[in-house]
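The values are calculated or read from the model by the stated rules, or taken from the named source; none is laboratory data. Source: prediction; values computed, not measured. In this analysis, Cβ positions are derived from the backbone assuming ideal geometry, glycine residues included, and neighbour counts consider all displayed protein chains. Just the protein is used for accessible areas: all its heavy atoms, side chains included, with ligands, DNA and RNA removed. Shrake-Rupley method; radii C 1.70, N 1.55, O 1.52, S 1.80 Å.
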Amino acid sequence: MYSFMNDYSEGAHPDILKALEATGFTQEEGYGLDKHSLRAKDLIRELVKDKDAEVIFLTGGTQTNLLAISSALRPHEACMGATTAHIATHETGAIEATGHKIVTAETTDGKLSPPLLQPLLDAHYFEHMVKPRLVYISNPTELGTIYTKKELIELRTFCDQKGLILYCDGARLGCALEAAGNDLSLQDMYMLTDAFSIGGTKIGALLGEALVIRKKEMQEDIRYLAKQRGALLAKGAVLGIQFEQLLQDGLYFKLAGHSIDCAQKLAEEMGKMGIPFLIDSPTNQIFPILEDTVIAQLEKDYSFYTWQKTDSNHSAVRLVTSWATPMKTVHNFIQALGALLEKD
């Protein structure tokens, strides 16, 4: 049984494991003040080209989103996102549990734009309702789509005009930046948002996310807020070592590129078979539409999400490849699928 369920099933890249093992008996300062975390922060500052960028390493994506969003908002303020947004679907009400409502907009491709956000502002217009203040996006989105530089500039301009905060969840950011058609850099992500995250959990790390903050008001007291939320890890070096390994020689982007290559090979071969897709995704998540009987047969040897029904006999499935997916497994899946289609 091989899993295409997610991109964090494997442990960690060997370089990271070796680095963790090599430093196992070395004493370091705690809570992210160790030399590895400090160097990893400097590597990120070099990539975004701002020595004043605030960087804090956290353990997981939900924790990162919770800290970033809750620390940026006053008690009466709300977060805006797509109906498919991770914070609105798969984080167990973590944001709402902090006292901040999420108001959502319907979107066909998982992306937000000013025309989708303006009605949310119009609908929440006085003190008897929450006040939308922060725009949450993810790059890539839950549907594997990516933002262009033009789209992000439009969002930035809109947020500036409306006095809104723009935050980007980058749990799979490497896959957005390495995808075909992408024209954004890490520096662009930094300059066009108030804060964003660089996900390690889904791109080769054992665990870990880097929250990168440009907006000065969000930088203030962030370590106090992290500690209060239980997010300041005593053994912070465990996170710092991993990001040091991922970023010092471009390993992060190499691993993201491999995961994309595997997914796009699947998409290419399925396209040759005439299989349609729910949406065009250039990243490591693809959504082919298959007959339910074919899905049932594939599930004997592979695991994946059945995303949604598309008609009475077909469903879109989500296949996610990882930094460690063997290309041989990709070919085996294609052969198995081809054999099933021939039987039909």
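Applying 0.36 nm per residue to the separation of Asp280 and Asp42 and subtracting their alpha-carbon distance, the gain on full extension is 82.1 nm. Given labels modelled 7 Å from the Cα in the Cβ direction, how far is it in nm from Leu17 to Glu154? Calculated label separation equals 4.5 nm.
Of Thr26, Thr64, Thr329, which is the most mobile in a GNM of the chain whose springs link Cα atoms less than 10 angstrom apart? Its mean-square fluctuation being the largest, the pick is Thr26.
Judged by the ratio a/c of the largest to the smallest principal axis of the C-alpha gyration tensor, the chain counts as oblate, that ratio being 1.5 or greater while a/b is no larger than b/c. A simple spin-label model places pseudo-atoms 7 Å from Cα toward Cβ; at Asp52 and His314 they are separated by 5.4 nm.
Counting protein heavy atoms only, the chain has 52 percent of its accessible area on carbon and sulfur, 1.4 angstrom probe. Here the simple spin-label model places points 7 Å from the Cα toward Cβ, and for Asp109 and Asp183 these points are separated by 1.3 nm. Across the chain, Cα pairs under 8 Å and at least six residues apart give a relative contact order of 24 percent. The 1.4 Å probe gives accessible areas that order Arg318, Arg39, Arg223, largest first, as Arg39, Arg223, Arg318. Using +1 on the beta carbon of Lys and Arg, -1 on that of Asp and Glu, and nothing else charged, what's the dipole of segment 138-258 about the Cα centre, debye to 20? For segment 138-258, the charge dipole is close to 280 debye. Segment Thr26..Lys328, full-extension length gain: 104.8 nm, with 0.36 nm per residue of separation and the alpha-carbon distance subtracted.
Under 13 Å from a label point set 7 Å out along the Cα-to-Cβ vector of Glu10, the amide N atoms of segment 181-219 belong to 202-206. Loop exposure criterion: GluC sites (Glu not before Pro), DSSP state outside H, G, I, E and B, at most 15 other Cβ atoms within 10 Å. Applied to the chain, the longest stretch between such sites is 128-219. Given R0 = 25 Å, the distance between the Cβ atoms of Glu291 and Gln335 translates into a calculated FRET efficiency of 0.90.
Helical content alone sets the calculated 222 nm signal of the chain at -12500 deg cm²/dmol, taking -39,500 (n - 2.57) per DSSP H segment of four or more residues and averaging over every residue.
Look at where the Cα atoms of segment 114-131 and of segment 275-307 average out, and the two centres are 37 Å apart. Of the beta bridges in the chain, as assigned by DSSP with both residues counted there, near 55 percent are antiparallel.
With R₀ fixed at 22 Å, the C-beta to C-beta distance from Thr92 to Arg229 puts the FRET efficiency at about 0.90.
Over segment 12-108, the Kirkwood radius and the radius of gyration, each from Cα atoms, give a ratio Rg/Rh of 1.08.
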